[in-house]
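Asks: Supplied in structure tokens, the structure appears directly below.
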Amino acid sequence: MPTFYLDDQPVDFKQGETLLQAADRAGIYIPRYCYHPGLKITAQCRMCLVEITDMGNGRGMPRLQASCATPAAENMRISITSEKALNAQKTVNEFQLVNHPLDCPICDQAGECDLQDISFLYGTGRSEMNYEKRVSGNRDVGTFLMLERNRCIQCSRCERFSRDLVGTHDFAVFNRSHEVSFDTYGDHRIVHRFQGNLADLCPVGAITQRDWRFRKRAWKLKKTPGVCTTCSTGCNITLDSHQNHIYRISPRENLQVNRWWLCDEGRINFRGLNYHPGSSGPGAGPGKKTPRLEEPQLKARGKARDGGWDGVLEALAPLLKEVAAAKGSVAALADTHATNEELFLLKTLLAEGFGSDKLFFPLQKGKAELRAPAGLEDTFLYSLINTDKSPNTAGAQALGLKGLDGPDALKGALGGKVKIMLVLGSPWEDDPIAGDISTLADLVIYLGVGGNAWSKTADVVLPGFTHAEKYGSFVNRNNLVQRIRPAISPPPQARDQVRTLCSLLGALDREANHADGRDVLAALGAAEGPFKGLNWEALGDGGMPLPGKG
Amino acid sequence: MAQEKLLLLKNIRTKGYAADLAAYRAAGGYKALEKVLGKSQGGMTPAQVTEAVKASGLRGRGGAGFPCGLKWTFMPADPKDKPNYLICNGDESEPGTFKDHYLLMNDPHLFLEGMILGCYALSCHHGYIYIRGESMYLIHRVRKAIDELYAEKLLGSNILGSGFDLDLTVHPGAGAYICGEETALLDSLEGKRGQPRFKPPFPAQAGFNGCPTTVNNVETLANVPFIINNGPEAFAKLGTEGNSGTQLVSISGHVQKPGVYEVEMGHNLKSLIEDFGGGVRGGLKLKAIIPGGASSPIMRPESIDIPYDFDSVMKAGSMRGSGALMVFDEDTSIIELANRTIRFFNHESCGQCTPCREGTFWLKNLIRDFVDNAGSEELMQRVDRVAGSILGNTICAFGDAAGAPMQAFGRVFPEEFRKHFLR
Ligand SMILES: Cc1cc2nc3c(=O)[nH]c(=O)nc-3n(C[C@H](O)[C@H](O)[C@H](O)COP(=O)(O)O)c2cc1C
Ligand code: SF4
Ligand code: SF4
Ligand code: FES
């Protein structure tokens, strides 16, 4: 690889890479505002100026150069710490503050603001700009966003994103000189499904998410890497939580999956993940309040009996044993929000406990949900949102579960009433099947998180964890295996589905004692099969391809 | 008494010159075009035309003084997948400059002949002429001259039987100084907001609509017919070492006879003011001059006994720029001049680069303090620091154009600033 020298330190670069890009890969930070790896380069903020003492041919450049836009060259020597370069960075940042309101105490970006961070790096803490600043006011610009133009530092990221990646041209540049303003046309409101990215892109608090404003100071957040469960793309996310409450979901860079982006459906998913006793739960949101399942229940057909986990499992064990001994028919339904580990244990329970292979899941047809506007060069963003609204269809298929189109197909596949029906998650929740279940099974055991049609009709209800509370893995639509881990702790009486399935196996005298999903994956990886060789640690935060598949 | 050296203004200085195609031809016009495209004299290849311009040493008259012939060689000689473009910069918004306007209004065909030759040299089949939109009459004037050329088949297809096709389009600008900067001009021409582009790529690699493009000033192109008619040596003989030919100087300000004058490159700067401008009006003394438009640093009378050309004015600490000589008498307030200058630059900054956008705003406020007699030594230093921090740190040369003169006011006339200190 060719090399250049940054303050005498060798930095490798790929042909065509700019100085800043190569420095980024080498882990050397050059301050920047306008540059973003996902956007076209405009080199306009001038924050990344460096001194080029040697262009690689023995000659230096008299002027400082924008490192974000200057291609690296063999044997180039540059400095970001020379007096000239430092002085330029300092003054550019000082200029950046000339018309900035410095309202950090009431700004939601504070704590994760490029301007604030870089000002702390270079600023003197004393202003020499004692004149009235530009005031341009706030605007409501979309269903998801607020624009506070006073804070804008004119980096044009929002304009470039809207123009080059979404193609909706929502943002435009108005006026000139210090009155330049980035704004929408007239009272146009942004309605596309990628709005949240604008708030992420904006290096300051000029564009903020409504959902996030005035909720929490950014520096208090605990950041947990996760995977979005809103569709089969499996975008990488960060769950931002504080004191067991998730405040925000943001995209996490993964060049193989979502690059830097996340759709708005994925972002608002956090609303359903917070658990408040009795008041909200998965699926909860404006106009839809479904309580979180908090207690295990064994119902004598309609009447709940409260015995706690021990009581419920103790009462359940003989029922399972009886059916197993009599070789009664048993089936299971799972949705593909379940992790690979849960599906694997469920499959084991069915096969080893009851000798059954009747394990079905609702198959959602996957294809890109959106079509990019004509003429858009880079249509990546539009490939993100998939019609398969679950994160683990590929995992279920890899484990050999049978995908079925709908309730009718299920009735056919069951081939008559079964003795026991195990239900993991909420398959076909909105279809009448859940209500009809008494015609299909004698005993329905439900493992889930939210109160819904299944929890109402099931005979046994075993509360589990959401994907924000447990370890596990999903396989996305491109056969990438990605891991999740707990961001918050679950309701006290809920139990990891993996643990519950182990208990059910135990009730049938099968050895199964996995602490959590990581353990199960280790077992899966150790055995022959689609996951051979994988384990939770090895997956890392970027995921690994499903062995044997692309 | 010094005389004008007439090369571009020969027709204009002829009494009763009608400036239409017939008059231009009667005065020997379109001979160069015939020499290049016509059969009678054997013709010239595009490369030969470029070579002649290169040998003449002609430097761009738009401000930067870049060698014109050299710039032309950056273009692909044999455009295949993408067309080549020559675009004439007639935006002329540098304060104090009015020589392109003078040429276009009074002898449009001289420039048009140069433009056609330029297009031929660059294998360009569609040229654009970008003229500032405020001057609609100028646009009509040039359009009319172009109509005349089409009528006489000097434009269109197969010009003079040479097989060379060329169309010319006049495009009105939309009122921004920055659209004179060549890449902002290209954006404006493409129908976008006129904002300078980051270079590279340079226009010769990817310019108008992403195609190889050369932008030339009106006056630059107007010199080409002379070079073709008389040979590059005749042109190179004029002027000083490295600054060949004649130049149009727009003299304005406190002189008796403001106007456009044509002199050889390297003509004495003082003589320009005294012999052509007629000296400072009203018997007042000369206080200062700005030698090359608002973006060039101010000079004191003591330092102006120098040749007026790109290199000499540069050596004297300023710039010849677009040849706009502004003269100020002893009653001029340098602070007020600085104030006007920075208000102009602040108003005209396109606003994409931080130093230019915020620096001009800050400077405007700082100078305002001096206007209000609230200056101080500290503020003077701050003006110098802020202006200096814009210099060289921006995408386009506007940053230098705004920063350098603002530093110069305080450096050259510190006593004028001190007069406005808070007492
Ligand atoms: C801020 C700014 C304004 C400019 N305005 C003009 C102008 O009005 N006319 C012009 O010919 N060149 C102008 N220029 C110079 C052009 O960018 C370009 O260099 C010139 O048109 C090239 O022509 P030339 O090589 O024939 O001089 C300007 C440059 C800058 C930086
Ligand atoms: S609103 Fe934000 S992203 Fe847009 S230009 Fe301003 S600072 Fe940049
Ligand atoms: S220097 Fe000024 S005018 Fe030129 S691109 Fe930057 S902001 Fe625009
Ligand atoms: S990051 Fe390089 S100029 Fe903005």
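All of the numbers you see were taken from the coordinates with simple rules; none came from a lab. Fair warning: this is a prediction, and the values are worked out from it, not measured in the lab. Don't worry about glycine lacking a Cβ; one is built from the backbone with ideal geometry, like all the others, and counts go over all protein chains shown.
Asks: First select every other residue whose beta carbon is under 9 angstrom from the beta carbon of A:ARG518; then total the charges, Lys and Arg +1, Asp and Glu -1.
Replies: Values: positive: A:ARG483, A:ARG485; negative: A:GLU341, A:ASP516, A:ASP519, A:GLU537.
Around A:ARG518, the surrounding residues sum to -2.
Asks: Please report the antiparallel percentage of the DSSP beta bridges confined to chain A, to the nearest 5. Kindly include the intermediate steps, with their values, before the conclusion.
Replies: Numbers: 47 of 70 bridges.
Expressed as a percentage, antiparallel bridges in chain A total about 65.
Asks: Using Cα-only point scatterers and the Debye equation, what is log10 of I(q)/I(0) for the stretch B:71-164 at each q in 0.12, 0.14, 0.24 Å⁻¹, rounded to two decimals?
Replies: -0.42, -0.57, -1.28
Asks: Using the Cα atoms of chain A to build a convex hull, what is its mean projected area in square nanometres? List each step's numbers first, then the result.
Replies: Numbers: hull surface 114.6 nm².
It is 28.7 nm².
Asks: Additional query: In whole Å, how far is the Cα centre of the stretch A:408-473 from that of the stretch B:163-210?
Replies: Measuring centre to centre over Cα atoms gives 66 Å.
Asks: Taking the dipole about the Cα centre of chain A, with the C-beta of Lys and Arg at +1 and of Asp and Glu at -1, give me whichever of A:LEU534, A:ILE80, A:SER390 is farthest to the positive side.
Replies: The listed residue farthest towards the positive side: A:SER390.
Asks: Which whole-number percent of Cα pairs in the stretch B:245-329 have a distance greater than 17 Å?
Replies: On the way: 1227 of 3570 pairs.
Across the stretch B:245-329, Cα pairs with separations above 17 Å total 34 percent.
Asks: For the pair B:MET314 and A:THR124, what calculated FRET efficiency results from E = 1/(1 + (r/R0)^6), where r is the Cβ-Cβ distance and R0 = 41 Å, to the nearest 0.05? Before the final figure, lay out each step's value.
Replies: Working: r = 36 Å, r/R0 = 0.87.
Using R0 = 41 Å, I get an efficiency of 0.70.
Asks: Decide, for the stretch A:481-550, between rounded, prolate and oblate: order the square roots of the alpha carbon gyration tensor eigenvalues as a ≥ b ≥ c, take rounded if a/c falls under 1.5, and otherwise choose prolate if a/b is larger than b/c, else oblate. Walk me through the numbers on the way to the answer.
Replies: Values: a/c = 3.14, a/b = 1.33, b/c = 2.35.
Because a/c hits 1.5 or more and a/b fails to exceed b/c, the stretch A:481-550 counts as oblate.
Asks: Which distance in nm do the two modelled labels at B:GLU330 and A:ASP310 give, with both placed 7 Å along the Cα-to-Cβ direction?
Replies: Once both label points are built, they end up 11.0 nm from each other.
Asks: How many nm separate the modelled label positions at A:LYS532 and A:ALA317, each set 7 Å beyond the Cα in the direction of the Cβ?
Replies: According to this spin-label approximation, the distance is 3.7 nm.
Asks: Further question on the same structure: Which net charge results when you count Lys and Arg as +1 and Asp and Glu as -1 among the other residues whose beta-carbon is under 13 Å from that of B:GLY62? Before the final figure, lay out the partial values.
Replies: Working: positive: B:ARG59, B:ARG61, B:LYS71, B:LYS99, B:ARG320; negative: B:ASP91, B:GLU92, B:GLU94, B:ASP100, B:GLU181, B:GLU182, B:GLU219.
In short, -2.
Asks: To the nearest 500 deg cm²/dmol, what mean residue ellipticity at 222 nm is calculated for chain B from DSSP H runs of n ≥ 4 alone, each contributing -39,500 (n - 2.57), summed and divided by the residues?
Replies: -12000 deg cm²/dmol
Asks: Got a sec? Charge dipole of the protein assembly as shown, +1 on Cβ for Lys and Arg, -1 for Asp and Glu; which of A:SER162, B:LEU155, B:ALA22 is way out at the positive end?
Replies: After comparing all options, I get A:SER162.
Asks: Taking every pair of alpha-carbon atoms in the stretch B:334-418, give the share separated by more than 22 Å as a whole percent. Numbers along the way, then the final one.
Replies: Values: 533 of 3570 pairs.
When all Cα pairs of the stretch B:334-418 are counted, 15 percent exceed 22 Å.
Asks: Where nothing but the Cβ of Lys and Arg (+1) and of Asp and Glu (-1) is charged, how large is the charge dipole of the stretch A:384-507 around its Cα centre, in debye to the nearest 20? Don't skip to the end; give the middle numbers.
Replies: On the way: 12 positive and 11 negative charges, 94 e Å.
Taking the Cα centre of the stretch A:384-507 as origin, the dipole is about 460 debye.
Asks: Sticking with this structure for a sec: Report, for chain B, the % of DSSP beta bridges that are antiparallel, rounded to 5. Could you put the intermediate results ahead of the total?
Replies: Details: 18 of 39 bridges.
Beta bridges within chain B, antiparallel portion: roughly 45 percent.
Asks: Binning at 10 angstrom from zero up to the longest distance, how are the C-alpha pair distances of the stretch A:54-95 distributed in percent?
Replies: That works out to 26, 55, 17, 2, in percent per bin.
Asks: Expected output is a single nm value to one decimal: the length gained when fully extending between B:LYS199 and B:GLN381, i.e. 0.36 nm times separation in residues minus the C-alpha distance. What is it? Kindly include the intermediate steps, with their values, before the conclusion.
Replies: Working: separation 182, 0.36 × 182 = 65.52 nm, distance 3.21 nm.
Extra length available between B:LYS199 and B:GLN381 comes to 62.3 nm.
Asks: Would you mind getting me the FRET efficiency between B:PHE74 and B:TYR150? Use the beta-carbon distance for r and R0 = 25 Å, nearest 0.05. Intermediate results must be reported in sequence, preceding the final value.
Replies: Numbers: r = 30 Å, r/R0 = 1.20.
So the FRET efficiency works out to roughly 0.25.
Asks: First measure r as the distance between the Cβ atoms of A:ALA368 and A:TYR131, then evaluate 1/(1 + (r/R0)^6) with R0 = 45 Å and state the FRET efficiency to the nearest 0.05.
Replies: Between A:ALA368 and A:TYR131 the formula returns 0.30.
Asks: Per DSSP helix of 4 or more residues, -39500 (n - 2.57); summed, then divided by the residues of chain A. What does that give at 222 nm, rounded to the nearest 500? Mind showing how you got there, number by number?
Replies: On the way: 15 runs with 122 residues, N = 550.
About -6000 deg cm²/dmol.
Asks: Normalise the Cα radius of gyration of the stretch B:21-236 by 2.2 N^0.38 Å (N = residues in it) and let me know the number.
Replies: Values: Rg = 15.9 Å, N = 216, 2.2 N^0.38 = 17.0 Å.
For the stretch B:21-236, the normalised Cα radius of gyration is 0.94.
Asks: Just from the alpha-carbon atoms, what are the Rg and Dmax of the protein assembly as shown in angstroms?
Replies: Using the Cα atoms of the protein assembly as shown, the pair Rg, Dmax is 37.3, 126 Å.
Asks: Just how far, in whole angstrom, is the stretch B:1-76 from the stretch B:308-350 if you go by their alpha carbon centroids?
Replies: What the calculation gives is 30 Å, centre to centre.
Asks: Putting +1 on Lys and Arg Cβ atoms and -1 on Asp and Glu Cβ atoms, find which of B:ASN373, B:LEU391, B:HIS347 reaches farthest to the positive end of the dipole of the stretch B:334-418.
Replies: B:HIS347
Asks: Equivalent ellipsoid semi-axes for the stretch B:106-154, as square roots of 5 times the alpha carbon gyration tensor eigenvalues: give them largest first, rounded to whole Å. Numbers along the way, then the final one.
Replies: Values: eigenvalues 73, 36, 18 Å².
For the stretch B:106-154, the semi-axes come out at 19, 13, 9 Å.
Asks: Taking Rh as the Kirkwood radius, which is the inverse of the mean 1/r over Cα pairs, what is the Rg/Rh value for chain B? Please list the in-between numbers first.
Replies: On the way: Rg = 21.8 Å, Rh = 22.1 Å.
When Rh is taken as the Kirkwood radius, the ratio is 0.99.
Asks: Could I ask something else about it? How much net charge surrounds B:VAL215 when only other residues with a Cβ under 11 Å from its Cβ are counted (Lys, Arg +1; Asp, Glu -1)?
Replies: Values: positive: B:LYS71; negative: B:ASP91, B:GLU181, B:GLU182.
Here the count lands on -2.
Asks: Moving to a separate point now. Gain in length, A:ILE268 to A:ALA172, computed as 0.36 nm per residue apart minus the alpha-carbon separation, to one decimal in nm?
Replies: Numbers: separation 96, 0.36 × 96 = 34.56 nm, distance 2.66 nm.
Gain on stretching A:ILE268 to A:ALA172: 31.9 nm.
Asks: Over what distance in Å are the Cα centres of the stretch A:35-61 and the stretch A:512-540 separated?
Replies: The two parts, judged by their Cα centres, are 46 Å apart.
Asks: Moving to a separate point now. What lysines sit close enough to B:LYS287 to cross-link, taking a C-alpha to C-alpha distance under 20 Å and skipping anything fewer than 8 places away on the same chain?
Replies: B:LYS257, B:LYS270, B:LYS419
Asks: Is there a quick way to get the dipole size of chain A? I mean about its Cα centre, with the Cβ of Lys and Arg at +1 and of Asp and Glu at -1; what is the value in debye to the nearest 20?
Replies: Working: 65 positive and 63 negative charges, 134 e Å.
About 640 debye.
Asks: Something else about it: With label points built 7 Å along Cα→Cβ from the Cα atoms of B:HIS347 and A:ARG213, find their separation and express it in nm.
Replies: Result for the modelled spin labels: 3.6 nm.
Asks: What do you get for Rg/Rh of the stretch A:318-461 when both radii come from the Cα atoms and Rh is the Kirkwood radius?
Replies: Details: Rg = 17.3 Å, Rh = 16.2 Å.
Using Cα coordinates only, the ratio equals 1.07.
Asks: Next up: What size of dipole, in debye to the nearest 20, comes out for the stretch B:273-341 about its Cα centre when the only charges are +1 on Lys and Arg C-beta atoms and -1 on Asp and Glu C-beta atoms? Before the final figure, lay out each step's value.
Replies: Values: 7 positive and 10 negative charges, 39 e Å.
Roughly 180 debye for the stretch B:273-341.
Asks: For the stretch A:355-445, what does the relative contact order come out to in percent, with C-alpha contacts under 8 Å and a separation of six or more? Intermediate values should be presented prior to the final figure.
Replies: On the way: 91 pairs, mean separation 27.0, N = 91.
Relative contact order for the stretch A:355-445 comes out at 30 percent.
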